[in-house]
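**Q** Attaching a single structure in structure tokens format; questions to follow.
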Amino acid sequence: MILLRLISWPYFRKHVLRTILTVAGIVLGVAVFVGMRTASQSVLLAFSQTVDRIAGKTELQVTAGETGFGEEVLEAVQSASTVRVAVPVIEAIVDSNLKGQGSLLVLGIDMTGDRSLREYDVEGGEEAAIDDPLIFLAQPDSIILSKEFADRNHIATKSRLPLGTAEGEKAFTVRGIIKASGLASAFGGNLAIMDIYAAQKMFGRGRRFDRIDLAVKPGTTLAECERQLGALLGAGFEVQPPSGRGQQFEAMLASYSMMVGMSSAFALFIGMFIIYNSFAIAVTQRRSEIGTLRALGATQAQIRALFLGESAAMGLIGSMIGVLVGILTARAVGSWISALITDVYGVSQRADELATSPGLLGFSLALGVATSVVAAALPARSAARVDPVQALQKGRYQVLSAGENRTRAILAAVLGVFALACLTIATSRALFYAGYLSVMGAALLLTPLLSLALAKAIRPVLKWLRPVEGALAADSLIQAPRRTSASVAALMLSLALVVAFSGMTRASYNAIVDWINTTLNPDLFVLPSQNLVTQTTRFPATMGAEIGALDGVRSVQMVRSGRITFRQTPIMIVALEVANIAQTVDLRPAAGNLQEMYRKSAAGEGVMVSDNLAQLQHLTLGEVIEVQAPYGRLSLPIVGIVIDLSDQQGAIILDRSLFIKYWRDDSVSIFRVYVKPDATVPAVRQRILERFEGQRRVFVLTNAELKSYILKITDQWFGLTSVQIAIAVLVAILGIVNTLTVSITDRRRELGVLQAVGGLRNQIRRTIWIEALSVAAIGLVLGGAVGAVNLYYLLQIVQQDVSGMRLNYGFPLAIAAMMVPIMLSAAMVAAIWPAEAAVRGSLVEALEYE
């Protein structure tokens, strides 16, 4: 502590800007880690809170995925001896039709029995209508709103609120407003309640429910009730506490969570190299001070402890700031994630509350301090080994010895061979990831050697461009390979991540475009909602014949889709009229014969599965899979594996007749409409809209509009690439500023001599600028090379562990080319302050230096 107070504190006060640069590396890594993690946890928390608040006193819920089940299931549950009360529920997400208010969660409940599970504290207005559920039931246009939503939109009781339903836009009468409470605060307050049977009619559910909420009889355990209902209903139903829905939601976000984890890890790793370079600056600037301390009797352990103590103090300060910055950015990131989930999964969720977990914040602080200490370990070790005699000998500590070169090369070769062996003979994912880490380790070990080689390679070019300034800049890089390599390594890793994410984005984008061009070929799509993936409103099957009878319509295909649980994972089940689809769509088979799989699927002799489901669940052609449906166990062989990107977790594709048999549901999610050759698409679209005007709420999208919608969602999903580019620019600026700062300190006497013998200030500036551009150029070259390898591994991770998509390798030349001017511009910006510091220093002090 004495050395920290007497030695470290004066240094920090004297070099405030450089201290800030050191802390900035820690702030960057911790902020990205905290921001991403907090945003993800906030969305999960918001969903869990919505589930809990809606559940009320519910102890168990009976569900069958998103497909629902018939009313007879309710009777069976209510007859169970372990059940005290069981009530049906329907949930629907609808557009509120109010500017800036987003979606409204409509909860359909049975008011005659639901009050034993949920409390409805109604204020004002027609309280008698709510106190007597029979009066509420007698008025099917009745609706109850939360006080928060009503106040925000100046809605009072007896007001009329128009909402989109399966029967078109309907005006509902507000017959009650729930006071602020647990239930009313669900879904950010955007909550409405209506009668269960009115909800069935309004959202096209027929005589079906989404789930059953229940409470067990006193003296009965939840486990006993689960067992009884499981035996009574069969394996096609899930009986679990309300918290189970949160776990399913978390499983749906598994792919995003993995990407966030990779991004956060890279941010911390990159921050480590920025910190390393910052402490390398301190060692360089304080060589004389270190030598004096050693001459006065300070031990190596004391010198090492001094620098490690500094790093721990800076790590703590930087981590605290990083946590704060992360929390401040988490809200914006959470809003982006919420919008993304709504578009991708059809699960609308508002993350109004930040999940600032004390555990996460404490872990982030500890991780930031640990990262800082580890990054400073090598500079601290170098400082401890400074010989008092050599402390004033400029530059010697920077030289990479032949022995060090050889050791680095040997270790890199060993890691490279191990990584290659892991790719060749790996039988487990653990070995694959070990090989991945080995490749990155080999790249980091080779960075000083490659940086030195590239600096020597570009010296003739720099000298040819600027004989004096170019040669001085190149020599500075060559004489200080460690100093150069630290910034290059940070820049290289950051660019490698940009290249990998960009390449993965482009490959995924191309795969999606290929899929929609092949599969989504109808002229028109008739949907019950503006949101393509929302499954809460459905059409009756009779609409198919009505659309088919319209002038200009060649054929109509009915599609029913919804998520079910398959092997503890939420996946999509897609029911098609396979015989009809076979005449219009040539699916791309990954395994199996297309015509054969069409024939067997249409006959109900098998099912098709998406290739990504086969990859994630390790399914093979001919394997018999079992799907537990509400009305029986569907057990059929896989007759085809096709490229289908309906869902990130995969899809089972079967004939519509099988779905009707095992789910007893003939409703329709989407109508695919083909137009006759002599008809125009706009004309047929208008006829469909006119046919159902005032009767049903329909949205008719053209082929181009649907594709544009899907690609917009794709762009949102891969928006993380933009974040990585921003991080790369920050890394470049921080790293290059640090490199040039230590370069100027190290060459202070040299720069002073240049000015003394007539060197112009602009020549000094140009020397610094060229050095900055050279560091950026070397980082670009190595970042591109490491990024190419990183991209291969990322594509394998996506295929095996994230979404199961087979993505073609393609280096993102456009992004790589775009990064060149960005990084070079960042280098020029970073060089401004160091260049001015070099030319405006005292000439006398420079000549006296060392």
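The values are calculated or read from the model by the stated rules, or taken from the named source; none is laboratory data. As the structure is a computational prediction, the values presented were derived from the model and not from experiment. Neighbour counts are summed over all protein chains in view; Cβ atoms, including those assigned to glycine, are modelled from backbone coordinates with ideal geometry. These area figures cover heavy atoms from the full protein model, side chains too; ligands, DNA and RNA do not enter into them. Shrake-Rupley method; radii C 1.70, N 1.55, O 1.52, S 1.80 Å.
**Q** If we only count helices (runs of 4 or more DSSP H) wholly inside the stretch 440-549, which ones have 1 or more residues that are among the aromatic types (Phe, Trp, Tyr) and buried (at least 20 other Cβ atoms within 10 Å of the Cβ)?
**A** 481-519
**Q** When the stretch 78-88 is examined, which residues are found to be touching a residue at least 12 places away in the same chain (Cβ under 8 Å) and surrounded by fewer than 24 Cβ atoms within 10 Å (Cβ to Cβ)?
**A** Those that are touching a residue at least 12 places away in the same chain (Cβ under 8 Å) and surrounded by fewer than 24 Cβ atoms within 10 Å (Cβ to Cβ): Ala80, Ser81, Thr82, Val83, Arg84, Val85.
**Q** Still on this model: Give me the pairs: first residue in the stretch 668-687 and under 27 Å from Val574 (Cβ atoms), second residue hydroxyl-bearing (Ser, Thr, Tyr) and open to solvent by less than 70 Å² (accessible area, probe 1.4 Å), beta-carbon distance under 8 Å, and six or more apart or on different chains, which are they?
**A** Ser669/Ser561; Ile670/Ser561; Val673/Ser555; Tyr674/Ser555; Tyr674/Thr584; Val681/Thr702; Arg685/Thr702
**Q** Among the candidates Val85, Val89, Val106, single out the residue that is among the aliphatic types (A, V, I, L, M) and farther than 19 Å from Arg205 by Cβ.
**A** Result: Val85 is the single residue among Val85, Val89, Val106 that is among the aliphatic types (A, V, I, L, M) and farther than 19 Å from Arg205 by Cβ.
**Q** Find all pairs meeting these conditions: Cβ atoms under 6 angstrom apart; at least six residues apart or on different chains; first residue within the stretch 472-487 and more than 13 Å from Ser278 (Cα to Cα); second residue crowded, with 24+ Cβ neighbours inside 10 Å and among the basic types (Lys, Arg).
**A** none
**Q** Another question, then. For the list (1) modelled with pLDDT of 90 or more; (2) surrounded by 20 or more Cβ atoms within 10 Å (Cβ to Cβ), I need the number of the one condition that Leu105 fails.
**A** Unmet for Leu105, out of (1) modelled with pLDDT of 90 or more; (2) surrounded by 20 or more Cβ atoms within 10 Å (Cβ to Cβ): (1).
**Q** Inside the stretch 645-666, can you point out the residues that are open to solvent by 10 Å² or more (accessible area, probe 1.4 Å) and at pLDDT 90 or above?
**A** The answer is Asp655, Arg656, Ser657, Leu658, Ile660, Lys661, Tyr662, Arg664, Asp666.
**Q** Tally the residues that are assigned to a strand (DSSP E or B) and of a type in the set (A, V, I, L, M, F, W, C), restricting the search to the stretch 593-644.
**A** Counting residues in the stretch 593-644 that are assigned to a strand (DSSP E or B) and of a type in the set (A, V, I, L, M, F, W, C) gives 13.
**Q** Right, another one. Give the stretch 579-609 a look and list any residue that's over 20 Å from Glu626 (Cα atoms), open to solvent by less than 40 Å² (accessible area, probe 1.4 Å) and touching a residue at least 40 places away in the same chain (Cβ under 8 Å), or say none.
**A** Thr584, Val585, Leu587, Leu594 - these are the residues of the stretch 579-609 that are over 20 Å from Glu626 (Cα atoms), open to solvent by less than 40 Å² (accessible area, probe 1.4 Å) and touching a residue at least 40 places away in the same chain (Cβ under 8 Å).
**Q** Would you pick out the residues in the stretch 550-561 that are open to solvent by less than 20 Å² (accessible area, probe 1.4 Å) and on the phi < 0 side of the Ramachandran plot?
**A** The answer is Val553, Gln557, Val559, Arg560, Ser561.
**Q** Shifting gears a bit: Any idea which residue in the stretch 21-62 is modelled with the highest pLDDT, counting only those that are of a type in the set (S, T, N, Q) and closer than 30 Å to Phe269 by Cβ?
**A** Among residues in the stretch 21-62 that are of a type in the set (S, T, N, Q) and closer than 30 Å to Phe269 by Cβ, the one modelled with the highest pLDDT is Thr38.
**Q** Over 36 Å from the mean Cα position of the chain (by Cα), at pLDDT below 85 and open to solvent by less than 10 Å² (accessible area, probe 1.4 Å): which single residue out of Gly189, Gly168, Gly164, Gly176 fits that description?
**A** Sole residue among the options that is over 36 Å from the mean Cα position of the chain (by Cα), at pLDDT below 85 and open to solvent by less than 10 Å² (accessible area, probe 1.4 Å): Gly176.
**Q** Right, something else. Could you tell me which of the residues Gly234, Gly219 is small (Gly, Ala, Ser), open to solvent by less than 30 Å² (accessible area, probe 1.4 Å) and over 35 Å from the mean Cα position of the chain (by Cα)?
**A** Gly234
**Q** Among the residues of the stretch 206-214, is any over 30 Å from Leu378 (Cα atoms), open to solvent by 20 Å² or more (accessible area, probe 1.4 Å), at pLDDT 75 or above and touching a Leu at 6+ places or on another chain (Cβ under 9 Å)?
**A** No, the conditions are met nowhere in the stretch 206-214.
**Q** Restrict the check to the stretch 623-638 and report whether at least one residue is of a type outside the set (Val, Ile, Thr), over 27 Å from Gly230 (Cβ atoms) and touching a Ser or Thr at 6+ places or on another chain (Cβ under 7 Å).
**A** no
**Q** Any idea which of (1) in a helix (DSSP H, G or I); (2) within 27 Å of Gly650 (Cα to Cα); (3) open to solvent by less than 50 Å² (accessible area, probe 1.4 Å) is the one Gln800 doesn't satisfy?
**A** All conditions pass for Gln800, except number (3).
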